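The values are calculated or read from the model by the stated rules, or taken from the named source; none is laboratory data. Being a predicted model, the structure only gives us computed values, none of them experimental. Positions of Cβ are generated from backbone atoms using ideal geometry, with glycine treated the same way; all protein chains shown enter the neighbour counts.
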Amino acid sequence: MVDGRTIRRLSQQFEARIKVNVKSSNISVNSSLANYERLRREIRDLLSGVTVEDFDISWAQRLCRFNEQFITPIARITGTYIEKKDEKTVLLHSHPPRSGEDY
């Protein structure tokens with residue numbers, strides 16, 4: 001998914017300074033106008049490939065108490081963004097890997 005590596009890659013590829021504010025869901029970009037337009041198209045394409053799925057985690061509660069500490073390691077291993085929706089459901093945000101991209 002989109003993480004620090006993706007932001008660094010985009011920053012280098014488009015010679016831009018990119019800041020992401022997760023709390024406000026804002027992206028700030030400093031670059032030339034031409035690179036900004038190319039970067040904007042790339043981000044739009046990247047986000048259009050993102051899939052979001054509900055995942056029922058109620059089965060995990062029988063095995064152990066599933067809590068927030070599991071989310072970050074699972075997200076890193078699987079290359080997804082995981083958002084806790086409620087006590088029994090998480091949202092999984094993922095995109096297909098690009099060629100040469102690994103998790």
Yes or no: SER28 among the hydroxyl-bearing types (Ser, Thr, Tyr) and either part of a helix (DSSP H, G or I) or outside the structural domain of LYS85 (by TED's automatic domain parsing) (or both)?
-> yes
Residue selected from region 8-25 under the condition farther than 14 Å from ILE43 by Cβ and among the polar types (S, T, N, Q), by the criterion modelled with the highest pLDDT = GLN12
Is one or more of the residues making up region 64-80 closer than 16 Å to GLY4 by Cα, exposed (fewer than 14 other Cβ atoms within 10 Å of the Cβ) and of a type in the set (Lys, Arg)?
-> yes
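Name the residue that is surrounded by the fewest Cβ atoms within 10 Å (Cβ to Cβ), counting only residues in region 82-95 that are under 19 Å from ALA60 (Cα atoms) and under 10 Å from the mean Cα position of the chain (by Cα).
Selected residue: LEU92.
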Is it the case that region 46-54 has a residue that's free of Cβ contacts under 8 Å to residues at least 60 places away in the same chain, surrounded by 14 or more Cβ atoms within 10 Å (Cβ to Cβ), part of a helix (DSSP H, G or I) and out of contact with any Ser or Thr (no Cβ under 6 Å at 6 or more places or on another chain)?
-> yes
